[in-house]
Each structure stands twice: as C-alpha cells, then as structure tokens.
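Here the structure comes first, spelled out in structure tokens, and everything after it is commentary.
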C-alpha cells in the first residue's frame, strides 16, 4: 500500500510539473499572439498610410502642375476635398470596417474635423516631434479599434493655402476664414486609420485556442493512460497491503483505547490538582489581603484564571440587599440571579444543570452563547455552623459533564475559608469604626478629629494658609430630650450632622464631640487673617441658617438655634488641645451674649467682623435711603480729547461720611449684595445716557461700567441687561 501511495504521489508530482510547464508555454504563446496581432495591425496601418499619403501627394502635385484656375468649379479638385471623398468612398467599399482619413483640429471642411482620439494624437506628436507614428487600442462606440496615427506637417507647397491669410491665393482667402498662419514643419493634423480589433485578432485568437485545445487534449489523454497503467500494475500489491493495514489498524485502535483511558485518568488527576492549586493560591490571598476589597477581587480573579471556571462572581449583603462585589468572565455579570437568592435564603449551596425552564431568556441566551453546563452557588458564612449566610460565591463552568463531586467539595471548602476571612474584616472594620466614629451620627469622633487637626496644623505651617475650628452647640437641645425623649433627640442629632455635611466642602471635617456639640475643621481658607475670617464667617452664617430650619417631630415643626465659637490657626504655634479650648471659650461667649450667633476667640478680630456686619446692614439700607450715587471719571485719547467716562459708585453714609469703595465693595461681594448694586448702577447709567443724548458733545461719549464676576454667575444676567437697555 505504501508503494502504491508513493507511485501515486510520484505520478501527481510529474503531472503537476507537466501541467505547470504547459500552462507557462500556453501563457507565453498567448503573449506572442498578442504581440503578433499588434505587429500585424501596425504593418497593415503603415501600408494603408503609405498608399493614402502617396496618392494624396501625387494628386496634389499633378493638380498644381495642371495650372487649373481655382474657382467654385475646380475647388473640388483640391487634395483636401478629394481626399475626403476618397476616404468616404473607401469606408463604403471596405467590408471589414477600416477607415482612413486626414483630419485636423481646425478643419475647413467639416468632414476633416478630428474626434477626441485624433486630437489627443495631435497633442502627442506635438509633445514628441520625433515620433513618426503611434498605434493604440481604443474603445469607440462600444467597439475596440486599433488606432494608427501619423502627423501631417506643413510642407512648402502648403503655404500658398495655409500661410498668412494676406499672402495665400485670393480664392482661398475669399472662401475660407480659418486654418491660416501655419509655418513649414507645423503639424496641420494627422492621418487617422482605425482598424476594428476583431479584423486582426479574431482569426489568430481562434487559431491559437484550436491549437491549445488539441495540445491539452493530447496531454490529458496521455496522462490518463499512464495513470491507468500504474493503477493496474500496483492493484494486487495494494490489496495485500490493505489487508495487512486493516489488521494493524485494529490492533492500533485497541492500544489507543487503552492509552486514552490512562491519559483521561491522568488528565483528571491533573485537573483536580490544578483546582487544588487554585484553592491553595486563594487561601494565600485570604492570609495576605490588606483590605476587604482586595480580598474579594483577588480571590475572584485567581479562580477565574483556572480554565475550569468560566466565570466567578462574589456578592455580599449590604443593607439587606445582595450586591455584587467582584465579577470576572461571562461579560462581567453584575446582575443577581434567582439561584443566588435561593442559596442565601436556604443557607445552603445549590447546583444548577438544567437550563430548560425557570430561567430568563437573557440567561438562556448567555448559557447558549458561552456553552455553560453548570452553575454552582456556594454560600458565605462566618463559620461552618452559622445559621445565616451573608453572601454567595457563584461559579459557572463549560465542562462537558459540569462539576464533579470532588470539584464541588473543593469549592465548598474555599467558600468556608472565604466567609471566615470576610467576617474577620467585618469585625476589624467595626472595631475601627467604634474607635474613630460616633455610633449615633456616623461622623468622626474626638479622637479622629484630633489626628486630623494635628495634620492640618502641619500642613498650614508648610502652605502658610489659615485654617479654622468652629465649635457648635445647639441652643435649648435639652428641651427636646425632656419633651420628646432621647430617641427623638438622637434623630435631631443625626439630622443636624446631615445638614452640616450638606453645606460644607468634601475636604472639611465634621465631628461630634458628644451631647449636642459638633466641631468643624476647615483648611486653606486664606493667606491673610482678614480673608480667613471673612471666609469662615460666611460658613458660620450658613450653619446658623440651616440650624434654624425646623425639625419635624411627630409631624410638628420644632425650632432650634446654634451658638458657634471660632478660632483661626496658622502653623503649629498652639497645640490641638489649646485650639479646642479657645474655640470652646468662644462658643460659651456666644451663648452668654444672645445665642444664635458666632464669636471669634480673638477679640480684635471679633470687633472687625462685628464692624463688617454693621456695615453690611447699613449697605442694605443705603439703596432705599438714596445714600448711593454715581460719579464719572473721564477717559481721554492720546491727544487729551475725552472719548468717554467710567461710572464709579460712591456711598455717603449719614454718620460715617464718604466710605471708600475699597471698603464697601468687598463687603458687597462677600454678602451677595453686589448683584443688587450692579443692577442699580447699570440702571443709573442708562438714565444718564438718555440725558446726554441731546448734548452736542456728550452724546458721542461711551460709558464704561465695572462688572463683578459674581454677576456673570447669574444665568439671567444677559437677558436682564437687554431688558434694562431696552
């Protein structure tokens, strides 16, 4: 059998070489035929051209030698006229569609007008003046033609008809208006010969294919005879070897089956070992993980890297809701499936292998897409004997037989270890939370705030930026506990914490010190004491406002207020305990005064803040009391001519006198009154423009008005200006 196959292979190799050589020869002969067709077309064209030009030349000179007078009767004997008639007659008599004409781009006779191919030929000979002829293949009117062209150049005897118009024969000048101004050697036109492609090619191509068909038929017949002869000679040898091969194949199949059983057993042992190795790697993660997120994420990723597991998803209970914490494989599934809820409720592991019913269409499509054969949901508990589960680890596989008993046992062992590790992190988090956070409001407690304050003081020394502490005490909070009970009081404290968080930056710290006392730490509020004081005063005003909002208790509003003590710090000149003491003292000073107010620990700073508060109060009344007015400062060009004015706001206080803009404008900015003042001055300016419209000089002045950045923050600012101008 091997000998027969070798003979067959040798036969096909020889056949391939013969067929390949025949193809190469055929292609070479076809190329030679094409070149021969081209040569025949060129030869035939040159013969026709030579005859046509010779006839035209002889005719032309005989006409000139005849001495015939050129008039309307003899003009038809001109070579240009006669050659057109000869070309037309030749085209009629030609049975194979060949045409031969002399054409030009400036014809006197319409029949001599060149088409686009002939004009292109003229351009070709102008570009290559040494070329005597050109042959190309064109497609005209849906038919291929060999297009032969040769230049027609002006000879000396042509000048008397095509030279300067004032020098040609009188009859020619009188009869024709164009085709003058040629010089000897200029290209007047081309001799155009068009031979249908089929006239030259069809006969030769047909002969070529006839010879190729005969040659290939003989070659194929010879190869068939050789193949048949080889087959007959080797037939008996093949039969004997075929029987021997069948016997060998039977023995080989039996041996393969035995080998496969051994290999399958070995592969399964290796497969179980790989899962065991994965479980061991996961247990190592349980030991080394530094956070709960790292523990869950790395465990899921470690499992899904084993090819046995198509996907791994770990979900935990958060606020009584099962939430996905890590998911890898199968499109990173983040939807909790019914099997996970059932496993959690029953506190037992569940395996799903039947996907024919009781699953959504989306899940069914995913099972089909990824070839999922089994889904195993293992519960997570704090220990083996726990009565409730707090999570589920769901694993999918695409193995043909799903999960084996050994595999599920390993998964259950890992889920027990993972549940124990997660519970350890829960206990650790609870210890940290109890150490650094207030259990009632979940805000940082005194210990955590002291640490953050120490860090803030170091940062302040480095950045030279002020920070501040606000010590807040709720006024009359004891009344709520006495009237409504401690449960209601606790709810008020929680709500107060939420309100404080809502008005502060994310970088600010709100802590509960116990009872009804809260402390706020604010960093980076200004590089000067004045700026820092203004900024922290603004924050304290917001706190007073939210503290006054009613607390709804038993569907009834209940009103409170707050007293706030403030201390600023820059660097670490004081200790953290001293700063708390200063803020506490300032808070008690606020309570002793009128409550629902703020006090700074620094008396000088307090006086400044109080002074600013009085000015802001007076500024609010200044508009209605007509204490504000506008002055106009001239703006001049380089020659000193006034082009416009700048509108400037001034405040005449009844007791303080004229207050500088540098004093009241920043107060207006910080209090938000700048919006109202901006509207007022723009309204005053528009009135002034209306008054100046009748003035001969001031009517051409422009008025500049300063605008605060806060005004641009108003979405309606542009439309408001448009209304004021209108």
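Once fully extended, how much extra length lies between residue 694 and residue 559, figured as 0.36 nm per residue of separation less the alpha-carbon to alpha-carbon distance? Could the numbers behind the result be given before it?
Details: separation 135, 0.36 × 135 = 48.60 nm, distance 5.94 nm.
Stretched fully, the residue 694-residue 559 segment lengthens by 42.7 nm.
Please give the peptides 317-323, 647-653 ranked by average Cβ packing (other Cβ atoms within 10 Å per residue), highest first, as a rough proxy for protection. Please report the intermediate quantities before stating the final value.
Details: 317-323: 10.6, 647-653: 16.6.
Averaged packing, sorted descending, gives the order 647-653, 317-323.
Let me make sure I get this right: for segment 616-725, a, b and c are the square roots of the gyration tensor eigenvalues over alpha carbons, sorted descending. Under 1.5 in a/c it's rounded, otherwise prolate if a/b > b/c, else oblate. Which is it? Display every interim value, and only then the final one.
Working: a/c = 1.89, a/b = 1.42, b/c = 1.33.
Prolate is the answer for segment 616-725, as a/c is 1.5 or above and a/b outweighs b/c.
Grab the beta carbon distance between residue 70 and residue 115, set R0 = 30 Å, and tell me the FRET efficiency rounded to 0.05. All intermediate terms of the calculation are to be shown ahead of the outcome.
Numbers: r = 29 Å, r/R0 = 0.98.
Once the sixth-power term is evaluated, E becomes 0.55.
Regarding segment 93-153, what whole-number volume in Å³ per residue does the convex hull of its Cα atoms give? Provide the component values of the computation, followed by the final result.
Details: hull volume 6.5 nm³, N = 61.
Residue-normalised Cα hull volume stands at 107 Å³.
Quick one: grab Rg to one decimal and Dmax as a whole number for the chain, Cα atoms only, in Å.
For the chain, the Cα-based Rg and Dmax read 53.5, 147 Å.
Pop a pseudo-label 7 angstrom from the Cα along the beta-carbon direction at both residue 335 and residue 412 and give the gap in nm to one decimal.
3.0
Contact order normalised by length for segment 487-556, with contacts defined as Cα pairs under 8 Å and 6 or more residues apart; what percent is it?
For segment 487-556, the relative contact order is 27 percent.
I want to check the label-to-label distance for residue 239 and residue 364. Put each point 7 Å from Cα in the C-beta direction and report it in nm to one decimal.
5.9
Using the count of nearby Cβ atoms within 10 Å as a rough guide to exposure, how do 689, 285 rank from fewest to most? Each step should come with its number before you reach the end.
Values: 689 15, 285 19.
Ranking 689, 285 by Cβ neighbours within 10 Å, fewest first, gives 689, 285.
Can you give the FRET efficiency for residue 387 and residue 209, using 1/(1 + (r/R0)^6), R0 = 60 Å, r = Cβ-Cβ distance, to the nearest 0.05?
On the way: r = 93 Å, r/R0 = 1.55.
For R0 = 60 Å, the calculated efficiency reads 0.05.
Does segment 1-102 come out rounded, prolate or oblate, given a ≥ b ≥ c as the square roots of the eigenvalues of its C-alpha gyration tensor, rounded meaning a/c under 1.5 and, failing that, prolate meaning a/b above b/c? Please report the intermediate quantities before stating the final value.
Details: a/c = 10.82, a/b = 5.44, b/c = 1.99.
Here segment 1-102 falls in the prolate category.
Expressed as a whole number of Å, what is the distance separating the alpha-carbon centroids of segment 299-317 and segment 481-508?
42
Please compute the contact order of segment 278-337 in relative form: average sequence separation of alpha-carbon pairs under 8 Å and at least six residues apart, divided by the residue count, as a percent.
Working: 73 pairs, mean separation 15.5, N = 60.
Here the relative contact order equals 26 percent.
How long is the gain from residue 638 to residue 294 if the chain were fully straight, where each residue apart is worth 0.36 nm and the alpha carbon distance is subtracted?
Residue separation times 0.36 nm, minus the Cα-Cα distance, leaves 116.7 nm.
Does segment 2-202 come out rounded, prolate or oblate, given a ≥ b ≥ c as the square roots of the eigenvalues of its C-alpha gyration tensor, rounded meaning a/c under 1.5 and, failing that, prolate meaning a/b above b/c?
prolate
So what is the relative contact order of the chain, in percent, for Cα pairs below 8 Å that sit 6 or more residues apart? Present the calculation step by step, with values, prior to reporting the outcome.
Numbers: 911 pairs, mean separation 46.3, N = 726.
Once normalised by length, the contact order is 6 percent.
Just want the ordering: 540, 527, 534, from fewest to most Cβ atoms lying within 10 Å of their own Cβ.
Values: 540 24, 527 12, 534 20.
Starting with the residue having the fewest Cβ neighbours, the order is 527, 534, 540.
Determine, for each peptide in 414-422, 712-720, the mean count of other beta carbons within 10 angstrom over its residues, then list the peptides with the highest first. Present the calculation step by step, with values, prior to reporting the outcome.
Working: 414-422: 21.0, 712-720: 11.1.
The most tightly packed comes first, giving 414-422, 712-720.
Take the Cβ-Cβ distance between residue 284 and residue 257 as r, set R0 to 35 Å, and report the resulting FRET efficiency rounded to the nearest 0.05.
0.30
Just to be sure I understand the model, the point goes 7 Å from the Cα along the line to the Cβ. What's the resulting residue 61 to residue 705 distance in nm?
It works out to 10.3 nm between the two label points.
Take the alpha-carbon centre of segment 368-427, take the same for segment 159-221, and report the distance between them in whole Å.
Segment 368-427 and segment 159-221 have Cα centres spaced 91 Å from each other.
Report, to the nearest 10°, how far helix 576-593 tilts away from the longest principal axis of the Cα atoms in the chain, using its own Cα long axis and a range of 0 to 90°.
Roughly 70 degrees between the two axes.
Along its three principal axes, how long is segment 584-681 when you only count alpha carbons? Whole Å, largest extent first please.
That works out to 64, 29, 25 Å along the principal axes.
If you count, for each residue, the other Cβ atoms within 10 Å and average over each peptide, how do 147-157, 516-526 line up from highest to lowest?
516-526, 147-157
Computed from the coordinates by the stated procedures, all read-outs in this text should not be read as laboratory data. Everything numeric in this text was worked out from a predicted model, so none of it was measured. Using ideal geometry, Cβ is built from the backbone for each residue, glycine included, and neighbour counts are taken over all protein chains shown.
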